[in-house]
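The values are calculated or read from the model by the stated rules, or taken from the named source; none is laboratory data. What you see is a predicted model; the values in this text were computed from it and never measured. Cβ: placed from backbone, ideal geometry, glycine included. Neighbour counts: every protein chain shown. We work out accessible area using only protein heavy atoms, side chains counted, and drop any ligands, DNA or RNA first. Shrake-Rupley method; radii C 1.70, N 1.55, O 1.52, S 1.80 Å.
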Amino acid sequence: MPLRKHRCRFKSYEHCFTAAEAVDWLHELLRCSQNFGPEVTRKQTVQLLKKFLKNHVIEDIKGKWGQEDFEDNSHLYRFPPSSPLKPYPKKPSYQKDVIKFPEWNDPPPGTSQENIPVRPVVMNSEMWYKRHSIAIGEVPACRLVHRRQLTEANVEEIWKSMTLSYLQKILGLHSLEEVLDSKLVNSKFIIHNVYSVSKQGVVILDDKSKELPHWVLSAMKCLANWPNCADLKQPMYLGFEKDVFKTIADYYSHLREPLLTFHLFDAFVSVLGLLQKEKMAVEAFQICCLFLPPENRRKLQLLMRMMARLCLNKEMPPLCDGVGTRTLMVQTFSHCILCSKDDVDLDELLAARLVTFLMDNYQEILKVPVALQTSIEERVAHLRRVQFQKSYPEVYQQRFPTPESETLLFPEKPKPRPQLLMWALKKPFQPFQRTRSFRM
């Protein structure tokens, strides 16, 4: 926003702007933005500036704010000295891994060496000799070795720990406490979202009662495949597509919680700071979407596919007079995708920005991150192999021989000498000499 010096009632004010100047500048900015487009009106711009004034993004020249009394006139406004928004977490100067991975070699609680009951031993000459031999180092002392198998709970903890660590690394934070409560992250959701998917990558639910209602799914298929609605049995009429869209919008607007959930709101908002680095933002969104409950992830996948197809469908009639399809999608579904529990007015801007990015990159964002999956699977396989090696060393040596044991089993054969070629036995090339047969 351009700032300059203004006079009001025989007094000068530095670094401020009039309401009309703010409307002119912001209106032009929104019209040129790919997130909004030329459909934005001047009245809508005034409404947005009213939200800014109410939430202390701007204030009048006397420092008043909190009400939506902004009008398109010559009244003076300025920016407050500090931002009202929660600042994005700053990147640390060095990486610090705070995610503690489980140590499988630690003995279970209550099974330490001190707690093992010991029977009193009657000392005789034989026992004295054994203890004396151990004391002087002739016989190694016996120690209790705890053999633990990698349980399902251990695997779930590995998935949770490594996924959180991966997100923390992308965001470049000391800790995720500012953006995410790790206690609310369900490892079962992560594993289900990775493995229980269809060929198209959409999550498959085990509990069918949490599935989308059949009539909503049919309506979404109808609009996504417009005008080729194969399973549509009812005759279409003028404005039919508008009624179908309204049906879908009504269902999603009455959800108890946004699809990205309340407790993940700060995590998704933090990723918005990475939008300038598109690849990093996509990776961070991939991780955050794995934390969603499977039913939420499925509903989000189906909704984003429908929204993207509608925006690209040139045969689709206008679903709302005077509003473009892309703008309508963002305005209609932003609140049901992302909002905070407090429902602050500025959430609408954050949600619109996030939904726009989701629409443009939904195929990548709602994919399973292959690098993370491979890394975790290799980690789990390594731990299982280590546990198997400790429990059954002889069997492990037979199945996975070391280079030394392979040398004993398969001794190296002597290499045959290379055969001498016939041309190597001949005399070296002699220069041409003239003989008598060539004389005239």
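Computed quantities for the displayed model
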{"read-out": "Checklist (1) open to solvent by less than 40 Å² (accessible area, probe 1.4 Å); (2) without any contact (Cβ under 8 Å) to a residue 40 or more places away in the chain applied to Asn55, failing item", "value": "(2)"}
{"read-out": "All positions within region 254-285 that are free of Cβ contacts under 8 Å to residues at least 60 places away in the same chain and either open to solvent by 60 Å² or more (accessible area, probe 1.4 Å) or touching an Asp or Glu at 6+ places or on another chain (Cβ under 6 Å) (or both)", "value": "His254, Arg256, Glu257, Gln276, Lys277, Lys279"}
{"read-out": "Any chance Leu260 is assigned by the TED database to the domain that holds Ala352 and modelled with pLDDT under 90", "value": "no"}
{"read-out": "Hits in region 352-387 - residues which are over 17 Å from the mean Cα position of the chain (by Cα), loosely packed, with under 15 Cβ neighbours inside 10 Å and hydrophobic (A, V, I, L, M, F, W, C)", "value": "Ala381, Val386"}
{"read-out": "Meets criteria (in the same structural domain as Leu176 (by the TED database), open to solvent by 10 Å² or more (accessible area, probe 1.4 Å), assigned to a helix (DSSP H, G or I) and under 30 Å from His56 (Cα atoms)) for Leu349", "value": "yes"}
{"read-out": "Yes/no for Ser391 being modelled with pLDDT of 65 or more and either open to solvent by less than 100 Å² (accessible area, probe 1.4 Å) or touching a helix residue (DSSP H, G or I) at 6+ places or on another chain (Cβ under 8 Å) (or both)", "value": "yes"}
{"read-out": "Residue within region 305-323 that is open to solvent by 20 Å² or more (accessible area, probe 1.4 Å), closer than 23 Å to Val40 by Cβ and in a helix (DSSP H, G or I) present", "value": "yes"}
{"read-out": "Residues being of a type in the set (D, E, K, R) and either at pLDDT below 85 or open to solvent by less than 20 Å² (accessible area, probe 1.4 Å) (or both) - total across region 324-340", "value": "0"}
{"read-out": "Hey, Asp207 in the same structural domain as Phe291 (by the TED database), modelled with pLDDT under 85 and exposed (fewer than 13 other Cβ atoms within 10 Å of the Cβ) or not", "value": "no"}
{"read-out": "Where Leu176 falls short, out of the listed (1) open to solvent by less than 40 Å² (accessible area, probe 1.4 Å); (2) at pLDDT 90 or above; (3) in contact with a Leu (Cβ under 7 Å, 6 or more places away or on another chain)", "value": "(2)"}
